[in-house]
Amino acid sequence: MVLEVVRAESALTRKITIHTSGNGRVIAERCQNPWNSECESNNIAVYIVYRGERIPLCWRCWREVSRKNVAWEGC
């Protein structure tokens, strides 16, 4: 199994590509919490839209973000 980090033009888009034997390929997303760039969990709980981009958040980061007193803008 080979792990490779795929970086797109957006700094917020981080994905792990896991190549398996044969023709199979699995893509797993990492947490992209814009307030905690250190998090690399792939246990995604929700997706939020931040600055026009769909951002995956892991359970731990989502718990922290959801408990803060912030005003969320409507879609």
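The values are calculated or read from the model by the stated rules, or taken from the named source; none is laboratory data. Predicted model, so just to flag it, every value in this text is computed and none were measured. No Cβ is skipped: glycine too gets one built from the backbone with ideal geometry, and neighbour counts run over all protein chains shown.
Side notes on the structure shown:
- Just one of (1) surrounded by 11 or more Cβ atoms within 10 Å (Cβ to Cβ); (2) of a type in the set (Val, Ile, Thr); (3) at pLDDT below 55 fails for Val6. It is (1).
- A Cβ distance below 8 Å, combined with a sequence gap of six or more or placement on separate chains, defines the contacts here; from region 34-45, residues that are surrounded by fewer than 15 Cβ atoms within 10 Å (Cβ to Cβ) reach residues that are part of a strand (DSSP E or B) and at pLDDT 90 or above in the pairs Asn42/Cys58; Asn43/Cys58.
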